[in-house]
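Report on the following structure.
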Amino acid sequence: MFGISIDQLLFIVKGAGWTLVLSAMGFVGGALIGLPLALARSRGGRALKAITGLYVQLVQGIPLPVIMFVAYFGISISGFDLPALVAAGLAMTAYAGAYLGEIWKGCIQAVPRTQWEAAECIALKPLQRVLYVILPQAARIAVAPTVGFLVQIIKNSSYAVVIGFFDLTYSARVVNNSTFRPFAVFTVAALIYFAICYPLSSLSYRLERRLARR
Amino acid sequence: MNQIVRFDKVVKSFGAAQVLRGVSFTVERGQVAALIGRSGSGKTTALRCINGLETVQGGELHVCGREMHASGVDLHALRKEVGIVFQSYNLFPHMTVLQNVTLGPRKVKGMARDQAETLGMQMLRKVGLEERAGYYPEQMSGGQQQRAAIARSLAMEPKLMLFDEVTSALDPELTGEVLRVIESLAADGMTMVLVTHEMEFARSVADQIVFMHQGVVWETGGGDLLDQPATPELRQFVGNGL
Amino acid sequence: MDYQFDFSFLTSHWRDLLDGAWLTLRMSLATIVFGFVLGVTLAVVRTQGAPLPRRLVTWYVDVIRNTPLVIQAFWLFFGLAAIQVRVPAMAAAVIALTINVSAYTTEIVRAGIETIPKGQVEAAECLALTRWQMLSVVVLPQAVERMYPALISQFVLMMLATSIMSQISAEELTAIGYRIQSETFRGFEIYIVIAVVYLVMSWLLRLTMAGVGAVAFTRRRRLGTSI
């Protein structure tokens, strides 16, 4: 079909599988970093805010491919011989952690001040206020932009191609090198990305509309 | 042409709701007509039909010699002759007052900048704002912004001015300055149609008061109409001090 | 870990690094100009156009925003090569980046346009301004001013994305890094340095764009407030 054999199509789909794996790793890892980061950046002291602010500035000012390279070479000079997935996973985690932290910080700050006061006035301890009053409300606000960022993670996982990680983009590139049918091959790859991302984008958009209406 | 505005059994609906059910009245050159009535009586809709912001669906409406009920009305040309001032001023926030006022003359009438600015300052002087020419809307009070909006419409040198409840959004102490400007325009002979809640003002400045009720002209007369209402509806309206 | 850090490549290759950074900047600036113009144009079509062009723009935006830049760049670059069209890598990169950034710009500007109160549009109409005048003098200046921070962020992101153009043979900063790495085998140090250079460039870009905004948006400059 279009000069691509079934085997080659399956090869590309296999790459798509690894894209999903890397994206999941990035999202989970990023969430584990992002939540404490969001709390620190919204409620922490000056020193904490400065340090975490530096981390966010770094990630937001360095291209993801470069972060991937740093992780890749960093691992090899540490004496470990690990597959590209580890480097890519670390890079995606660092990347997602910073952005999710900022998004969630914004959602926490979007909860009105009065909620904090009310929680304080019924004698809840700080941790309880966060857990029972603030986070549930922040979480509701956070769903739409978080789903939206998940789309970013999936798209940006394609940058792992620079360190030779076998994802959808890499597999497409390999198939192109043997078939020399770039329009067909990369259209197939684009369609697969689209099929994964578009439903998520629509979901995020609908969630945002629903939130705005309430 | 002496009849600047002529409504002849004008009909208009919004979806299922019929807002104008056969409105008929005339405004002659140099006259001031005040449209009064309850909310929902159709007075604002009737005003907005005059400069084409709303379309007429039945009957005939003639404005400055144009047939507003026909298709293919040149709204662009009409709006060079008919000016309107809105309840919420709608000044352009990213421009100074003078820039707001000279925008029309420069872009629509192709005036050169200094010529337009001279005209603009003249208009601002007329509304008492020449010292605020370089200010931005957000730096001024509601009354000043509304006067600036009037100057902006005047700068187009229209044949007819429409005022849509221009003092309703203002604090009471600021309505006076705006009403005085409208008074002076009337004294200068401008043809005007006002939708207003200010009964005293309508009484003193209008040549013709048009009381609208349930989508039709219920009563019309001169300034003393409000003192001698003929129908119970108008009597009730005036009695409520609306 | 007994690794000896070695930054000596800096003394021998600093000029290459500067060349790469300079190309990155040129690529970015060209993309910002073309991408902004295209993005604003499409936003106007999207909000003011007839149903068919509007839908086409929506599809364009949806496709571009739901597929990775890398795939778009590969599709363009390898595709053009396959049909024997000779396009220099820099041009292909700018085209791919422009198409990509324009989709995001369109959405940003469109959001800005939709925040302009209807009353102002009516007032402009009633001053007998033509559609085109209304757009260029009343609507677009305000829309762009309102969304300017979002636009700055988008363009900085785009500058960082130029890094992937190393994959289509553009000689920008990341590509230079890869070349030096293959000669000196000092990957970690090299990419640390490159990361720093990108940090500086993105900071400079932000500053420059903020400066342009301060000059262009007179009202904000004089009053210190945002619309």
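The values are calculated or read from the model by the stated rules, or taken from the named source; none is laboratory data. Small disclaimer: the values here were computed from a predicted structure and weren't measured. Here the Cβ positions follow ideal geometry from the backbone for every residue, glycine too, while neighbour counts run over all protein chains shown. Quick note on the areas: whole protein, heavy atoms, side chains included, nothing else; ligands and nucleic acids left out. Shrake-Rupley method; radii C 1.70, N 1.55, O 1.52, S 1.80 Å.
Excluding residues on the same chain fewer than 8 positions from B:Lys9, give the lysines whose Cα lies under 19 Å from its Cα.
B:Lys43
Given charges of +1 on the Cβ of Lys and Arg and -1 on the Cβ of Asp and Glu, with all other atoms neutral, how large is the dipole of the protein assembly as shown about its Cα centre, in debye to the nearest 20?
Working: 60 positive and 48 negative charges, 161 e Å.
I would put it at about 780 debye.
Work out, in µm²/s and without decimals, the Stokes-Einstein translational diffusion coefficient of the stretch B:142-242 at 4 °C, 1.567 mPa s, Rh from Kirkwood over C-alpha pairs. Don't skip to the answer; put the middle values down first.
Details: Rh = 14.6 Å.
For these conditions, the coefficient is 89 µm²/s.
At a 1.4 Å probe, which residues in the stretch C:121-136 are at least 40 Å² less accessible with all protein chains present than in their chain isolated?
For the stretch C:121-136, once contacts with the other chains are taken into account, C:Glu122, C:Ala123, C:Glu125, C:Cys126, C:Leu127, C:Ala128, C:Leu129, C:Gln133 lose 40 Å² or more.
Can you give the translational diffusion coefficient of chain C in µm²/s, computed by Stokes-Einstein from the Kirkwood radius over Cα pairs at 10 °C and 1.306 mPa s? Present the calculation step by step, with values, prior to reporting the outcome.
Working: Rh = 19.7 Å.
After rounding, the answer is 80 µm²/s.
What list of ³J(HN,Hα) couplings, whole Hz, do you get for the stretch B:69-85 from phi and the Karplus terms 6.51, -1.76, 1.60, once you set θ to phi - 60° and write x for glycine and proline?
The phi angles translate into 7, 7, 7, x, 6, 7, 5, 4, 5, 4, 6, 7, 10, 10, x, 9, 10 Hz.
Once you place label points 7 Å from the Cα toward the Cβ at C:Thr115 and C:Trp203, how far apart are they in nm?
2.8
Each residue of the stretch A:181-188 in order: what ³J(HN,Hα) in whole Hz does its phi give by Karplus 6.51 cos²θ - 1.76 cosθ + 1.60, θ = phi - 60°, with x for Gly and Pro?
10, x, 4, 5, 4, 6, 5, 4
For B:Val216, list long-range residues whose amide hydrogen, built 1.01 Å from N in the peptide plane, is under 5 Å from its own amide hydrogen.
The list, which skips near neighbours in sequence, is B:Arg21.
What is the set of long-range amide H partners of B:Thr191 at a cut-off below 5 Å, with H atoms built 1.01 Å from backbone N?
HN-HN under 5 Å from B:Thr191: B:Gly30, B:Met161.
So how much slack lies between A:Thr114 and A:Asn177, counting 0.36 nm per residue of separation and subtracting their Cα-Cα distance, in nm?
Values: separation 63, 0.36 × 63 = 22.68 nm, distance 6.02 nm.
Extending this stretch completely gives an extra 16.7 nm.
In nm², what is the average projected area of the convex hull enclosing the Cα atoms of the stretch A:48-118? Show your work: numbers first, answer last.
On the way: hull surface 24.8 nm².
Value for the stretch A:48-118: 6.2 nm².
Could I have the simple spin-label model distance between B:Ala77 and C:Leu18, label points 7 Å from Cα toward Cβ, reported in nm to one decimal?
Modelled inter-label distance: 6.6 nm.
Restricting everything to alpha-carbon atoms, can you work out Rg to Rh for chain A with a Kirkwood hydrodynamic radius? The partial results should precede the final answer.
On the way: Rg = 20.5 Å, Rh = 19.1 Å.
Reported Rg/Rh, Kirkwood definition of Rh: 1.07.
About the Cα centre, and with charges only on the beta carbon of Lys, Arg (+1) and Asp, Glu (-1), how big is the dipole of the stretch A:6-208? Nearest 20 debye, please.
For the stretch A:6-208, the charge dipole is close to 480 debye.
So which residue, out of B:Leu154, B:Leu162, B:Leu179, gets the largest mean-square fluctuation from a GNM of chain B using Cα contacts under 10 Å as springs?
Highest fluctuation among the options: B:Leu179.
With every protein chain kept in place and ligands, DNA and RNA left out, what is the accessible area per residue of chain A? Probe 1.4 Å, answer in Å². Don't jump to the answer; show the numbers that get you there.
Working: 10520 Å² over 214 residues.
On a per-residue basis, chain A sits at 49 Å².
Starting from a Cα-only point model with no solvent, please compute log10 I(q)/I(0) by Debye for the stretch C:15-71 at q = 0.16, 0.26 1/Å.
Reported log10 I(q)/I(0), two decimals: -0.65, -1.02.
In Å², rounded to the nearest 100, what is the total accessible surface buried by chains C and A against each other with a 1.4 Å probe? Could the numbers behind the result be given before it?
On the way: alone 13080 and 12140 Å², together 22020 Å².
In total, this chain pair buries about 3200 Å².
When the Kirkwood radius is taken over all Cα pairs of the stretch A:87-214, what Stokes-Einstein diffusion coefficient follows at 10 °C and 1.306 mPa s, in µm²/s?
Values: Rh = 17.4 Å.
Stokes-Einstein gives a translational diffusion coefficient of 91 µm²/s.
Distance in nm between label sites at B:Ala169 and C:Leu223, each 7 Å beyond Cα in the beta-carbon direction?
For the pair B:Ala169/C:Leu223, the computed spacing is 1.4 nm.
Would you compute, for the Cα atoms of the stretch B:144-189, the largest minus smallest coordinate along each principal axis and list the three values in descending order, in whole Å?
Taking max minus min along each principal axis of the Cα atoms, the stretch B:144-189 gives 29, 19, 16 Å.
Under 19 Å from a label point 7 Å along Cα→Cβ of A:Arg206: give me every residue in the stretch C:52-72 with its amide N that close.
C:59, C:62-63, C:66
Sort largest first and round to whole Å: the equivalent ellipsoid semi-axes of the stretch B:92-139, each the square root of five times a Cα gyration tensor eigenvalue. List each step's numbers first, then the result.
Working: eigenvalues 59, 34, 10 Å².
Square roots of five times the eigenvalues give 17, 13, 7 Å.
Which whole-number percentage describes the relative contact order of the stretch A:6-208, with Cα contacts under 8 Å and a sequence gap of 6 or more? Before the final figure, lay out the partial values.
Numbers: 234 pairs, mean separation 64.7, N = 203.
That works out to 32 percent.
Helix C:173-184 sits at what angle to the longest principal axis of chain C, using alpha carbons and giving 0 to 90 degrees rounded to 10?
Approximately 10 degrees, to the nearest ten.
Determine, from the Cβ-Cβ distance of C:Thr130 and C:Val85 and an R0 of 56 Å, the FRET efficiency 1/(1 + (r/R0)^6), rounded to the nearest 0.05. Don't skip to the end; give the middle numbers.
Working: r = 40 Å, r/R0 = 0.72.
The calculated FRET efficiency here is 0.90.
Run the Debye formula on the Cα coordinates of the protein assembly as shown, all scatterers equal and no solvent, and tell me log10 I(q)/I(0) at q = 0.06, 0.10, 0.11 1/Å.
Treating every Cα as an identical point scatterer, log10 I(q)/I(0) equals -0.50, -1.01, -1.11.
With a bin width of 10 angstrom, please list the P(r) values of chain B as percents of all Cα-Cα pairs, from the 0 bin to the one holding the largest distance.
Percent of pairs per bin, in order: 8, 32, 35, 20, 5, 0.
Only Lys, Arg, Asp and Glu count, each charged at its Cβ (+1, +1, -1, -1), so figure out the dipole size of chain C about its Cα centre, rounded to 20 debye.
On the way: 18 positive and 14 negative charges, 195 e Å.
It works out to roughly 940 debye.
Heads up, I need the accessible area for B:Trp218: 1.4 angstrom probe, whole protein in place, Å², nearest 10.
The accessible area comes out at roughly 90 Å².
If I take every Cα pair under 8 Å that is 6 or more residues apart in chain C, average their sequence separation and divide by the length, what percent do I get for the relative contact order?
Details: 214 pairs, mean separation 62.7, N = 227.
It rounds to 28 percent for chain C.
For the stretch B:5-88, count all C-alpha to C-alpha pairs, find those more than 14 Å apart, and express that count as a whole percent of the total. Show your work: numbers first, answer last.
Details: 2188 of 3486 pairs.
When all Cα pairs of the stretch B:5-88 are counted, 63 percent exceed 14 Å.
Taking springs between alpha-carbon atoms closer than 10 angstrom, which of A:Ala119, A:Ala160, A:Ala139 fluctuates most in the Gaussian network model of chain A?
A:Ala119
Using Cα positions and a limit of under 30 Å, work out the lysines in reach of A:Lys125, with same-chain residues fewer than 8 apart set aside.
Excluding near neighbours in sequence, the set is A:Lys49, A:Lys105.
Return the aspartates and glutamates within reach of B:Lys109: Cα separation strictly under 19 angstrom, same-chain partners fewer than 8 residues apart disregarded; answer none if there are no such residues.
Cross-link targets: B:Asp74, B:Glu81, B:Glu117, B:Glu157, C:Glu122, C:Glu125.
For chain A, what does -39500 (n - 2.57) per DSSP helix run (n ≥ 4), summed and divided by total residues, give at 222 nm, in deg cm²/dmol to the nearest 500?
Numbers: 8 runs with 170 residues, N = 214.
When only DSSP H runs of four or more count, the value is -27500 deg cm²/dmol.
Hey, with R₀ at 51 Å, roughly what FRET efficiency would A:Ser78 and C:Glu122 work out to, going by the Cβ-Cβ distance, to 0.05?
Working: r = 66 Å, r/R0 = 1.28.
With R0 = 51 Å, the Cβ-Cβ based efficiency is 0.20.
If R₀ is 22 angstrom, what is the calculated FRET efficiency for the pair A:Leu32 and A:Tyr198, using the beta carbon separation as r and rounding to 0.05? Don't skip to the end; give the middle numbers.
Working: r = 27 Å, r/R0 = 1.25.
Once the sixth-power term is evaluated, E becomes 0.20.
Stick to the Cα atoms of the stretch A:1-53, pair each with every other, and give me the Kirkwood hydrodynamic radius in Å at one decimal. Show your work: numbers first, answer last.
Numbers: mean 1/r = 0.0711 Å⁻¹.
About 14.1 Å, per the Kirkwood formula over Cα pairs.
More than 18 angstrom separation, counting every C-alpha pair in the stretch B:94-194; what % is that? Display every interim value, and only then the final one.
Details: 2234 of 5050 pairs.
Result: 44 percent of Cα pairs exceed 18 Å.
List, in order, the whole-Hz ³J(HN,Hα) value for each residue of the stretch A:150-164 obtained from phi through the Karplus relation with A = 6.51, B = -1.76, C = 1.60 and θ = phi - 60°; use x for Gly and Pro.
4, 4, 4, 4, 4, 5, 6, 4, 5, 5, 5, 4, 5, 9, x
I'd like the orientation of helix B:97-107 relative to chain B: the angle between its Cα long axis and the longest Cα principal axis, in ° from 0 to 90, rounded to 10.
Here the helix axis deviates by roughly 80 degrees.
For the charge dipole of chain A, defined by +1 on Lys and Arg C-beta atoms and -1 on Asp and Glu C-beta atoms about the Cα centroid, which residue among A:Ile196, A:Asn177, A:Trp116 has the Cα displaced farthest towards the positive pole?
The listed residue farthest towards the positive side: A:Trp116.
What does the helix-only formula give at 222 nm for chain B: each DSSP H stretch with n ≥ 4 adding -39500 (n - 2.57), the total divided by the residues, and the result rounded to the nearest 500 deg cm²/dmol?
Numbers: 8 runs with 81 residues, N = 242.
Roughly -10000 deg cm²/dmol at 222 nm, from the helical runs in chain B.
Specify the inter-centroid distance of the stretch C:58-108 and the stretch B:33-88, based on alpha-carbon positions, in whole Å.
Going from one Cα centre to the other spans 49 Å.
Could you work out how far helix A:64-77 tilts from the main Cα principal axis of chain A, as a 0 to 90 degree angle to the nearest 10?
Once rounded, the angle reads 80 degrees.
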